[in-house]
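For reference, the structure discussed in these notes is given below.
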Number of protein chains: 2
Amino acid sequence: MISWKNLNELEAYHALEKTAPVRLAEVMAGESGASRVRRYSVPMAGGLSYNYAAKAVDDDILDALAKLADEAQLTEKYEALYSGEMINTGEKRLVLHQLTRGQLGGAVLADGVDKRAFYREQQDKIAAFAEKVHAGEITNEAGEKFTTAVQIGIGGSDLGPRAMYLALENWAKANGTFKMEAKFISNVDPDDAAGVLRETDVAHAIFILVSKSGTTLETLTNESFVKDALKKAGLDPARHMIAVTSETSPLAKSDDYLAAFFMDDYIGGRYSSTSAVGGAVLSLAFGPEVFARFLEGAAAADRTAQEKDMLKNPAMLDAMIGVYERNILGYPSTAVLPYSQALSRFPAHLQQLDMESNGKSVNRFGEPVDYVTGPVIFGEPGTNGQHSFYQLLHQGKTIVPLQFIGFRSSQNGIDVDIQGSTSQQKLCANVAAQIVAFACGKQDENRNKHFDGGRPSSIIIGDVLDPAALGALLAHFENKVMFQGFVWNLNSFDQEGVQLGKVLAKRVLAHETDGALAVYSELLNI
Amino acid sequence: MISWKNLNELEAYHALEKTAPVRLAEVMAGESGASRVRRYSVPMAGGLSYNYAAKAVDDDILDALAKLADEAQLTEKYEALYSGEMINTGEKRLVLHQLTRGQLGGAVLADGVDKRAFYREQQDKIAAFAEKVHAGEITNEAGEKFTTAVQIGIGGSDLGPRAMYLALENWAKANGTFKMEAKFISNVDPDDAAGVLRETDVAHAIFILVSKSGTTLETLTNESFVKDALKKAGLDPARHMIAVTSETSPLAKSDDYLAAFFMDDYIGGRYSSTSAVGGAVLSLAFGPEVFARFLEGAAAADRTAQEKDMLKNPAMLDAMIGVYERNILGYPSTAVLPYSQALSRFPAHLQQLDMESNGKSVNRFGEPVDYVTGPVIFGEPGTNGQHSFYQLLHQGKTIVPLQFIGFRSSQNGIDVDIQGSTSQQKLCANVAAQIVAFACGKQDENRNKHFDGGRPSSIIIGDVLDPAALGALLAHFENKVMFQGFVWNLNSFDQEGVQLGKVLAKRVLAHETDGALAVYSELLNI
């Protein structure tokens, strides 16, 4: 029997509050540090591993966290979710993104269909469509092959798919599976669409319109923008556009599209990269085989997240350490620092995933909670960040927990050896060095050159960022955020906080304003 | 006589602590709100204005902040800085980035030369060089024009110039001043250079190697990477590369470059966009005239920052409100939210500028301070962010002050009218709506749909993002960060926090490790 309780109603939370804090700089020094790095590691899906040696935890704290995970019934709640219980209570929806990549429990029936079969069918339809595009069986009016895919979408229809595309672009080029370039239009700022279209050969471009509801203002506006451009180029928009939407949306049965692929209300935007939302663009860009391997990586991570033992469940462990840092240690933000240029937009995806899911003040019953919830998430790739905001991370007044990601090999395999090491070795040396610098610090009589240390981090390590590793990485964080939402007793799957701005913006456009809003509208010449 | 005191040694700070807080949701409602939006606005350089109506301040708090600015001698310290006093005491250097774009006080002599004349001379040399490249007088070995500029640099040699390039790319294309595309290689990750080079016609590319010291490991590594690629293409690297460095660096007198342009130790990396570091790439991309107008915008902002009256000095006002939010209200982070796709990387530049300058725990005398200093800075363009992390900003447990930026017109001037409004109007309507939604909130009996409001923001408004507006925007934030550093009694111009990681990384590459560092090195196959 599942019981939804606030964090501070759980006995194990109060036991956690009583645990003694870890002096990270001390335990990470010398042989103790070496032993921690060896011991505090857990395998992940996709050939990755999660190493938490440099987190401010010890066996006592981990034990208390495991008990808290247990009392919060994380495994049972996850099972309820993937088994099709109505977990998104605010919007009265199931939460089924895991089903887009695998079947974790029994069949889930909704809207009269087996949902796994439905998602699978969409994936197969996309695969067949993409293969026809690649084979030149689906072409532009002139019978010429499409060479570019342009996704039109915003939020989850943009950030995740864009981050995934960038993550695999060089891998696909180096591994002979690159099919066509992808671009993205998201912002309602007309300079976004105009800028992308200026650099796009629209006669050979296929546009992917992505909106679950079919009513997203930015996306419909950009669709018009693109249709205008196609018409001006003497092209038929209906021959250049496909839709990814829900079956009930106004876009679903329109003749305006070459094809339509479906998702549904049970896939939140920020959890939609493994649905048709990511599937169409990634299958067109890299081929359906690559997308299938990406899904396999995600599915494997979902299975790992079923493990009851927290120490063998990296997503649950990551989630619980995050709760400890947020609620016991009081840290307000977390930095995501991939030592991989391919992951340049992965932090922006995680920023949405985490902050939109758990940036909330009421529990799943709509009651205010009196503990802090999701942190601010930000980040940039290392080594770039080292030459930027790391100053504050090392010596600032606020401690920011860090999530490093590193790979033993590059995607391209092209490298140079200078000063006795390759670029890849330098990259890896830097991430290793940073972890230890943050944890251990350095004593110096000159206080300006002194480092307190005690700044916690974990690292996810892999061999190479390939489709399976990327899928596993994506699903790891989805599951981490889900587990944290369970601990905080939040509904991680709605986003009521974005509604008020939309309502007021409509009022401005209808010139139905007064007070401050009227004056701002005037100042902005609306 | 200037006196460098800690914030909590200032009487005005303790008076500020005693001011009554403002109930933002109340004062921003109705006529009071309208009146605030009209009153709480100050002109900036470049045709911009700074509106702080939605900040949690009132006349009493502003008065207390003005007294604090006065007691902290912000105007005098700024004057000392631009007059050539040694403000960067840690590194024993002058701080002269304002001189790259204007002469604010008397001549500054250092190293036996007039520094303004020196920076001007470099700008003129770059302008002449760029014009020859554009005219086809400086070409590749085959006598063909260069078509792409590729900047190789990291940190301040990358983030600022890249953000500025992206900010003006569409403007230049729409206004007929676009000369050549620019690309950027920064990360030591070999996939960064390999990815950029794969998409670059190296035979027609001119590479700009940017390193003040001439010893930046990432940049030298990427130089080797590029030279390798040029040689493999049968090209002479010395005919394809220019250097931006200091006169004393190993790069300065090398025959490896077509030309060398100079900056010096008095220009910090994060303050270097208006020096040769930004000048070379921006002059090549857009022409020297555009770069000159950008500098004029920055110079005008620097002059505005000389104003003693805080209420007429937007950089000082912005700085002081930020201090109030950080030290009195206790907010740990700030989001930068430009409603302009062209400013997509401007938050990343500000993240470096602010966090590397003021993310410190010791004062300029190396003594620990017992108050908080620089906040975490993050951000993405609106409207994209609205569909992402705004959920936490609206309804999260942590209040995040917001810096909006908006323009009345787009850069391209291409637009569509759907549902009765243009994209640009929708963009502006959204930013207006967000300010009011954050400030005023909305009562709702369903707590999940309830918004507390009271979330402070300011907005910088301009007509269009052109070179002068961009220069003013850049300098505004440089001066804001400088003023805050003065208030917190920090040295905002060194970055000792980045050193430890470098030292440890070298140790890893030399295989001189033990303890945790040795095991991490092993796990990462170094």
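The values are calculated or read from the model by the stated rules, or taken from the named source; none is laboratory data. Just so we're clear, the structure is a prediction, and the values are computed from it rather than from any experiment. Positions of Cβ are generated from backbone atoms using ideal geometry, with glycine treated the same way; all protein chains shown enter the neighbour counts.
Miscellaneous remarks
- Some residue of region A:102-118 being in a helix (DSSP H, G or I), crowded, with 23+ Cβ neighbours inside 10 Å, among the aromatic types (Phe, Trp, Tyr) and more than 14 Å from chain B (Cβ to nearest Cβ): no
- Here B:Thr221 fulfils each of the conditions (1) in contact with a Gly (Cβ under 6 Å, 6 or more places away or on another chain); (2) of a type in the set (Ser, Thr, Tyr); (3) not in a loop (DSSP other than H, G, I, E, B) apart from (1).
- Residue ID - farthest from the chain's Cα centre (by Cα), chosen from residues in region B:381-400 that are under 18 Å from A:Ser492 (Cα atoms), in a helix (DSSP H, G or I) and facing another protein chain (nearest Cβ under 7 Å): B:Gln395
- Of all residues in region A:352-378, those that are surrounded by fewer than 24 Cβ atoms within 10 Å (Cβ to Cβ) and of a type outside the set (Ser, Thr, Tyr) total 10.
- Pick from region A:401-419, criterion more than 22 Å from the chain's Cα centre (by Cα) and more than 7 Å from chain B (Cβ to nearest Cβ), ranking: farthest from B:Arg198 (Cα to Cα): A:Gln419
- Flag if A:Ala130 is in contact (Cβ under 8 Å) with a residue 40 or more places away in the chain, farther than 30 Å from A:Thr215 by Cα, crowded, with 20+ Cβ neighbours inside 10 Å and over 20 Å from the mean Cα position of the chain (by Cα): no
- Pick from region B:435-458, criterion closer than 15 Å to B:Met28 by Cα and facing another protein chain (nearest Cβ under 7 Å), ranking: surrounded by the most Cβ atoms within 10 Å (Cβ to Cβ): B:Val436
- Put simply, of B:Asn358, B:Asn412, B:Asn363 the only residue that is over 23 Å from A:Phe389 (Cβ atoms) and touching a residue at least 24 places away in the same chain (Cβ under 8 Å) is B:Asn412.
- Hey, B:Ser273 without any contact (Cβ under 8 Å) to a residue 60 or more places away in the chain and part of a loop (DSSP other than H, G, I, E, B) or not: no
- Residues satisfying the stated conditions in region B:340-380, i.e. assigned to a loop (DSSP other than H, G, I, E, B) and either more than 7 Å from chain A (Cβ to nearest Cβ) or closer than 30 Å to B:Gln425 by Cα (or both): B:Ser340, B:Ser344, B:Arg345, B:Asn363, B:Arg364, B:Phe365, B:Val369, B:Asp370, B:Tyr371, B:Pro375, B:Gly379, B:Glu380
- When region B:433-456 is limited to residues that are part of a helix (DSSP H, G or I) and touching a residue at least 40 places away in the same chain (Cβ under 8 Å), the one that is nearest to B:Gln386 (Cα to Cα) turns out to be B:Gln434.
- For first residues located in region B:176-198 and over 17 Å from A:Leu465 (Cβ atoms), partners that are surrounded by 22 or more Cβ atoms within 10 Å (Cβ to Cβ) and among the acidic types (Asp, Glu) and lie 6+ apart or on another chain with Cβ distances below 6 Å form the pairs B:Phe184/B:Asp158; B:Ile185/B:Asp192; B:Ser186/B:Asp158.
- Of the residues making up region A:163-206, those that are farther than 24 Å from B:Gln411 by Cα, of a type in the set (D, E, K, R) and assigned to a helix (DSSP H, G or I) are A:Glu169, A:Lys173.
- Checked against (1) within 8 Å of chain B (Cβ to nearest Cβ); (2) within 16 Å of B:Asp191 (Cα to Cα); (3) not in a helix (DSSP H, G or I), A:Cys428 meets all criteria but (3).
- Boolean, A:Leu48 is at pLDDT 95 or above, farther than 26 Å from A:Leu473 by Cα and surrounded by 20 or more Cβ atoms within 10 Å (Cβ to Cβ): no
- Qualifying positions in region A:96-130 - hydrophobic (A, V, I, L, M, F, W, C) and within 15 Å of A:Ser246 (Cα to Cα): A:Leu96, A:Ala110, A:Val113, A:Phe118, A:Ile126
- Taken as a whole, region A:245-255 holds at least one residue that is part of a strand (DSSP E or B), touching a helix residue (DSSP H, G or I) at 6+ places or on another chain (Cβ under 9 Å) and not assigned by TED's automatic domain parsing to the domain that holds A:Leu350.
- Taken across region B:301-319, residues that are outside any helix (DSSP H, G or I), under 27 Å from B:Glu91 (Cβ atoms) and more than 14 Å from every other protein chain (Cβ to nearest Cβ) do occur, with at least one present.
- Figure legend. Inter-residue proximity from region A:143-160: first residues within 14 Å of chain B (Cβ to nearest Cβ) and surrounded by fewer than 24 Cβ atoms within 10 Å (Cβ to Cβ), second residues at pLDDT 95 or above and not in a strand (DSSP E or B), beta-carbon distance below 7 Å, spacing 6+ or different chains. Indicated pairs: A:Thr148/A:Met180; A:Thr148/A:Thr200; A:Thr148/A:Asp201; A:Thr148/A:His204.
- Per this entry, B:Gly515 is counted among residues that are surrounded by fewer than 24 Cβ atoms within 10 Å (Cβ to Cβ), among the small types (Gly, Ala, Ser), over 26 Å from B:Pro368 (Cβ atoms) and at the interface with chain A (Cβ under 7 Å from one of its Cβ atoms).
- Qualifying residues in region B:459-502 (those that are within 9 Å of another protein chain (Cβ to nearest Cβ) and within 17 Å of B:Trp171 (Cα to Cα)) - the one surrounded by the most Cβ atoms within 10 Å (Cβ to Cβ): B:Leu465
- Residue check, B:Phe404 at pLDDT 95 or above, assigned to a loop (DSSP other than H, G, I, E, B) and aromatic (Phe, Trp, Tyr): no
- The requirement of being buried (at least 21 other Cβ atoms within 10 Å of the Cβ) and not in a loop (DSSP other than H, G, I, E, B) is fulfilled nowhere in region A:410-420; no residue meets it.
Conditions (1) touching a strand residue (DSSP E or B) at 6+ places or on another chain (Cβ under 8 Å); (2) of a type in the set (Val, Ile, Thr); (3) at pLDDT 95 or above, marked per residue:
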position	(1), (2), (3)
B:Lys132	no, no, yes
B:Ala135	no, no, yes
B:Thr139	no, yes, yes
B:Gly160	no, no, yes
B:Lys173	no, no, yes
B:Ser186	yes, no, yes
B:Leu217	no, no, no
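- Failed criterion for A:Asp70 (all others in (1) farther than 24 Å from A:Ala439 by Cβ; (2) in the same structural domain as A:Leu473 (by TED's automatic domain parsing); (3) surrounded by 21 or more Cβ atoms within 10 Å (Cβ to Cβ) hold): (3)
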